[in-house]
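Q: I'd like to ask you about the structure that follows.
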Amino acid sequence: MAELRPSVAPGPAAPPAPGPSASPAFASLFPPGLHAIYGECRRLYPDQPNPLQVTAIVKYWLGGPDPLDYVSMYRNMGSPSANIPEHWHYISFGLSDLYGDSRVHEFTGTDGPSGFGFELTFRLKRETGESAPPTWPAELMQGLARYVFQSGPYQPYSCRRQHREENTFCSGDHVSWHSPLDNSESRIQHMLLTEDPQMQPVQTPFGVVTFLQIVGVCTEELHSAQQWNGQGILELLRTVPVAGGPWLITDMRRGETIFEIDPHLQERVDKGIETDGSNLSGVSAKCAWDDLSRPPEDDEDSRSICIGTQPRRLSGKDTEQIRETLRRGLEINSKPVLPPINPQRQNGLTHDRPPSRKDSLESDSSTAIIPHELIRTRQLESVHLKFNQESGALIPLCLRGRLLHGRHFTYKSITGDMAITFVSTGVEGAFATEEHPYAAHGPWLQLQRHFLTCFPSPEVSFSPAIGGTTNDRGNPSVRSRTLPLPWEIKRQDMEGERHADATLQ
């Protein structure tokens, strides 16, 4: 629960950030991390020292549901001469370390990131006659913050929070929301993330904080970002004033996609996909795989590992490698590499590249973990893949945007502790090979792209009914594509949901 109130940010003449000589009362009221971010806000909005704020009534570190302590809301006048309209500017406080006493974030030094290393911002076009900012963006930002924080257990005061960096956000990332951001009938139902055009990185006593701006997009624009990359779509949005303009301001009343406004932009996307491929390296999805090479009653069969009611869990080392597989997807190398399983590797991950899609690879399953050393890699003769409709819609992306460019793509199950990775020929570190294109390491299945040349290739149409989604108006949200695939796709209605069903032999 949150409340709206004027902020208590110190104004331009306020004392400096509290130091060793500051009184305990002042240090408690204006923690150093909070004060540092307020300083950047004052630089940008010197005439608004006390903006309206949405504040969590019960702070997260006291057991409340909202990770963000505050969301400040400023009125930005824009720049009419540069096609930048007047808008509301929202800034979060809480993803970075505000306090420095480990109540929320573990202190890791002043040279690294503060907390998760970023705060969220959002720019919403101001409607004519609007005198106060809408508060729904604050709840939207809280929802994204919950996603980041829920990458692992949180116990206030009793232990330091260990960040799992696969759930942090980076510029160019996309968020599939599948609902109008303001709960209206708007076509703006998803988000991209980019650097805020005005907010500068802040050095706080607890590390560096950058500012990532949320950009509302239509379903068609989201799918283009998935098929190509988020940065490319963001650049196109900047060229269309009504779709964002230079500062990427979200207009919830926008009724046309950038491709409807300027059809030539679709050609740029198609050319970008052909030239660059996709930088989406993996997703969390509803998926499963079945080993048809052996009878299901065999205890070593993958059916008992992946499909049964008591699925075996991925070992910690396998989980670490899959996590790195997803993260490396955004790195465009001349020779793609799957990271080796390193027994000395710890949970901390480096920040040398943007993580992809922030899909948590942790499992809450209570089933036993099989020690990595006891799991042998098995070569399979025939496998059965199952995907829900949204996951199935990404198979053309996997083939066209990833494998054909010598890369890899991973589906990580959100309903069971298993994963499916498609790899191209020449990807180092893969255990699937040209000789054995289907291979499994416990519940982790890999499929080599070489199998595409080994089987007949019937033309299979991925229609929205199988592999896409529909918006609230019942219209398909993805274009139907026909791609040569080496398997037969069957429609199955499982648990009330459409699935793409593929059998590879």
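Q: Would you mind finding the one in 413, 356, 391, 365 that is farther than 28 Å from residue 230 by Cα, open to solvent by less than 70 Å² (accessible area, probe 1.4 Å), in contact with a Lys or Arg (Cβ under 9 Å, 6 or more places away or on another chain) and modelled with pLDDT under 90?
A: Criteria check complete, one pass: 365.
Q: Could you please find all residues in the range 378-400 being under 18 Å from the mean Cα position of the chain (by Cα), assigned to a helix (DSSP H, G or I) and farther than 18 Å from residue 438 by Cβ?
A: Within the range 378-400, 390, 391, 397 qualify.
Q: Also, I was wondering about something else. Quick check on my filter: what residues within the range 88-126 are charged (D, E, K, R) and touching a residue at least 12 places away in the same chain (Cβ under 8 Å)?
A: Passing the criteria: 97, 103, 106, 111, 119, 123, 125, 126.
Q: Now for a different question. Inside the range 201-235, can you point out the residues that are β-branched (Val, Ile, Thr) and either surrounded by 21 or more Cβ atoms within 10 Å (Cβ to Cβ) or assigned to a helix (DSSP H, G or I) (or both)? Write out each step before concluding.
A: Within the range 201-235, the first condition is being β-branched (Val, Ile, Thr), and the residues that meet it are 202, 204, 208-210, 214-215, 217, 219, 233.
Matches in the range 201-235: 202, 204, 209, 214, 215, 217, 219, 233.
Q: All but one of (1) in contact (Cβ under 8 Å) with a residue 12 or more places away in the chain; (2) touching an Asp or Glu at 6+ places or on another chain (Cβ under 9 Å); (3) open to solvent by 40 Å² or more (accessible area, probe 1.4 Å) hold for residue 260, so report the exception by its number.
A: Residue 260 satisfies all of (1) in contact (Cβ under 8 Å) with a residue 12 or more places away in the chain; (2) touching an Asp or Glu at 6+ places or on another chain (Cβ under 9 Å); (3) open to solvent by 40 Å² or more (accessible area, probe 1.4 Å) except (1).
Q: What number goes with the only condition from (1) at pLDDT below 90; (2) within 20 Å of the chain's Cα centre (by Cα) that residue 407 does not pass?
A: Residue 407 satisfies all of (1) at pLDDT below 90; (2) within 20 Å of the chain's Cα centre (by Cα) except (1).
Q: If you don't mind, another one. Suppose we keep only residues that are of a type in the set (D, E, K, R) and either open to solvent by 50 Å² or more (accessible area, probe 1.4 Å) or more than 16 Å from residue 206 (Cβ to Cβ) (or both) within the range 111-135. Which one would you say is farthest from the chain's Cα centre (by Cα)?
A: 130
Q: Name every residue in the range 269-295 that is open to solvent by 10 Å² or more (accessible area, probe 1.4 Å), among the polar types (S, T, N, Q) and outside any strand (DSSP E or B), in order of residue number.
A: Matches in the range 269-295: 275, 279, 293.
Q: Here is a follow-up. Output the number of residues of the range 50-75 satisfying the condition of being assigned to a strand (DSSP E or B) and not basic (Lys, Arg).
A: From the range 50-75, those assigned to a strand (DSSP E or B) are 52-56, 59, 66, 70-75; that's our starting set.
Those left that are additionally not basic (Lys, Arg): 52-56, 66, 70-74.
So the count comes out to 11.
Q: I'm trying to understand the selection: among the residues of the range 54-110, which are among the charged types (D, E, K, R) and open to solvent by 10 Å² or more (accessible area, probe 1.4 Å)?
A: Within the range 54-110, 59, 75, 86, 101, 103, 106 qualify.
The values are calculated or read from the model by the stated rules, or taken from the named source; none is laboratory data. Keep in mind the model is a prediction, meaning the values are calculated, not measured. No Cβ is skipped: glycine too gets one built from the backbone with ideal geometry, and neighbour counts run over all protein chains shown. Heads up: the accessible areas ignore ligands, DNA and RNA and are worked out on the full protein's heavy atoms, side chains in. Shrake-Rupley method; radii C 1.70, N 1.55, O 1.52, S 1.80 Å.
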